[in-house]
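Here's the structure, in structure tokens; my notes come after.
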Amino acid sequence: MIGKVYAIAPQPPLPENTRWFGAGNVTIGIEYRDVDPEGLFETYRLDQGQLAELLDRSPEGGFSDEGVSLHVKGAEDGHEYLRFDVFDSEPHYHYNHPGDEIVNNVIEFDTVAHGDMLPWALERIRGRLAEMLGEAGGGHLVPHLDMRLVGQAVDQVATQAERAAGAARAARPAQP
């Protein structure tokens, strides 16, 4: 398996911060996330195994970052197979495998080689969704993907992502 493998499911999207767009048998979501150690602790506090792994693998001071997240889930099963965390400090993406045992592959994004992650992520959803779903254990979705609907949803997501990132940056206090 590629990337860092965690036995912790990604922190679920917050319904009040996430806008979803149907694309046939998949649904694509856009969310602006502000990740902090307190929020992560609250998410995993009731599952001692996941909490222990979170605390063991957290950097000094805990995980803190923010930015746009793109979520790709199955329309019928609701499972989030792919996530693109277009974060300011540590952009990365997830292959989140379904099943009884949690397998969450986290792959760091190389901004030096690939540039800005948002256009890259949108292009991956447009052009490599089938391959990425297969890698994440969502191969059963591939035969019924409607790439025309996916493209329409990605157009809407792109517009929302730019707005969300711009609004968050505008709301930040000015740096001296």
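The values are calculated or read from the model by the stated rules, or taken from the named source; none is laboratory data. Bear in mind the structure is a predicted one, so any value in this text is a computation, not a measurement. Cβ coordinates were reconstructed from backbone atoms using ideal geometry, including for glycine residues, and neighbour counts include every protein chain displayed.
Residues are listed down the side, and each one gets a yes or a no for (1) in a helix (DSSP H, G or I); (2) surrounded by 19 or more Cβ atoms within 10 Å (Cβ to Cβ); (3) under 16 Å from the mean Cα position of the chain (by Cα); (4) of a type in the set (A, V, I, L, M):
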site: Pro12; (1), (2), (3), (4): no, no, yes, no
site: Ile30; (1), (2), (3), (4): no, yes, yes, yes
site: Asp34; (1), (2), (3), (4): no, no, yes, no
site: Ala52; (1), (2), (3), (4): yes, no, no, yes
Item to complete: Please find, among Leu70, Leu51, the residue that is in contact with a Lys or Arg (Cβ under 9 Å, 6 or more places away or on another chain) and either farther than 30 Å from His140 by Cβ or modelled with pLDDT under 90 (or both).
Response: Leu51
Discussion item. Condition first: touching a Lys or Arg at 6+ places or on another chain (Cβ under 7 Å), surrounded by 16 or more Cβ atoms within 10 Å (Cβ to Cβ) and over 17 Å from Phe21 (Cβ atoms). Can you find one or more residues in segment 129-141 that meet it?
Written reply: yes
Worksheet item: Wholly within segment 61-174, which helices (runs of 4 or more DSSP H) include no fewer than the required count, namely at least 3 residues that are in contact with a strand residue (DSSP E or B) (Cβ under 8 Å, 6 or more places away or on another chain), of a type in the set (Ser, Thr, Tyr) and in contact (Cβ under 8 Å) with a residue 40 or more places away in the chain?
Response: none
Worksheet item: Quick check, is Ile2 modelled with pLDDT of 90 or more and not small (Gly, Ala, Ser)?
Response: no
Worksheet item: Could you count how many residues in segment 68-79 are within 14 Å of Gly134 (Cα to Cα) and crowded, with 23+ Cβ neighbours inside 10 Å?
Response: 1
Worksheet, complete the sentence: If we ask which residues in segment 36-50 are without any contact (Cβ under 8 Å) to a residue 12 or more places away in the chain and either small (Gly, Ala, Ser) or not in a helix (DSSP H, G or I) (or both), their number turns out to be 3
